[in-house]
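What follows draws every value from the coordinates through simple rules; no lab data is involved. This is a predicted model, so every value here is computed, not measured. A quick note on method: Cβ atoms are made from the backbone with ideal geometry, for glycine too, and the neighbour counts reach across all protein chains shown.
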Amino acid sequence: MQVANKSGIRMGSGIAMNTTVDAGATHEVLNLESPYETVRKLATSNAVVVFSMSGCCMCTVAKRLLFGLGVGPTIIELDEHAAGHDIQAVLYDLCPDGQQSTPAIFIGGKFLGGIETLMAYHINGSLVPLLKDLNSNAVVVFSMSGCCMCTVAKRLLFGLGVGPTIIELDEHAAGHDIQAVLYDLCPDGQQSTPAIFIGGKFLGGIETLMAYHINGSLVPLLKDVGALWL
């Protein structure tokens with residue numbers, strides 16, 4: 001995140017994702033760092049963050065819009081947070097003059113703005129692409145172009161509306177070396193392709209992918225990492 005606040009302080013950069021932060025969960029950290037550092041860490045370690053006030057109608061509008069798009073933002077309710085007052089002062093410094101400090105929305109580690117900016121992005125059609133860009137590699141399939149089980153895995157994901165990043169190892173300059181790494185990751189007796197990673201974690205091969213699909217846990221997992229928005 002590269003954001004200049006009214007005090008002239010700049011805040012670092014990064015990215016990631018999930019849902020809600022408990023007021024007490026970050027309390028010990030807050031005691032050890034400045035409010036600016038707290039905001040920076042929260043913003044850069046979660047893909048979508050909403051700093052909110054529980055009784056604020058515009059905050060509710062922002063959260064409902066994001067939930068309606070299938071996004072599970074990290075929500076910080078400042079009036080329920082031990083360091084809420086100090087965090088709000090930081091957000092005030094980030095906002096343009098005359099703009100309310102809540103809701104304050106961060107996407108991809110960058111300060112997007114308040115409800116006006118969020119709605120403008122939504123109306124002009126740029127919000128959903130921005131959200132999708134956060135997780136362009138949320139699902140990665142290491143494949144062999146002539147492998148029937150790789151084709152099954154890719155078709156299953158495409159059929160669910162996921163656009164995975166696909167690495168065809170037989171067409172890749174370092175394919176042999178990558179396959180050796182994947183072989184080490186796989187349980188004994190399991191083929192090294194297809195190898196499916198979801199949210200940066202190794203899920204497994206076709207057997208694991210199909211098991212997740214059959215037991216109903218695949219779609220929720222894909223939504224959790226931002227590979228599915230609706």
19 Å cut-off, amide nitrogen to a point 7 angstrom out along Ala82 Cα→Cβ, residues in the range 33-60: 33-43, 52
Hits among aspartates and glutamates - C-alpha to C-alpha of Lys223 under 17 Å, sequence gap 8 or more where chains match: Asp133
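Rounded to the nearest 0.05, what FRET efficiency is calculated for Asn124 and Ser45 with R0 set to 35 Å and r the Cβ-Cβ distance? Don't skip to the answer; put the middle values down first.
Details: r = 28 Å, r/R0 = 0.81.
For Asn124 and Ser45, the calculated efficiency is 0.80.
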Under Karplus coefficients 6.51, -1.76 and 1.60, residue-wise ³J(HN,Hα) of the range 83-95 in Hz, glycine/proline x: 10, x, 5, 5, 5, 4, 5, 5, 5, 4, 5, 6, 7
Nearest-20 debye value, the range 147-217 charge dipole, Cβ charges on Lys, Arg, Asp, Glu: 360
Vicinal HN-Hα couplings computed from phi for the range 152-166 (Karplus, 6.51 cos²θ - 1.76 cosθ + 1.60; Hz; Gly/Pro x): 4, 4, 5, 5, 4, 5, 4, x, 8, x, 8, x, x, 6, 10
Protection-proxy order for peptides 40-51, 74-85, each taking the mean of Cβ atoms within 10 Å per residue, highest first: 40-51, 74-85
Residues with amide H under 5 Å from that of Ile75, placed H, sequence gap 5 or more: Thr20, Val21, Val50
Interchain or long-range residues, amide H under 5 Å from Leu203's placed H: Ile196, Phe197, Ile198
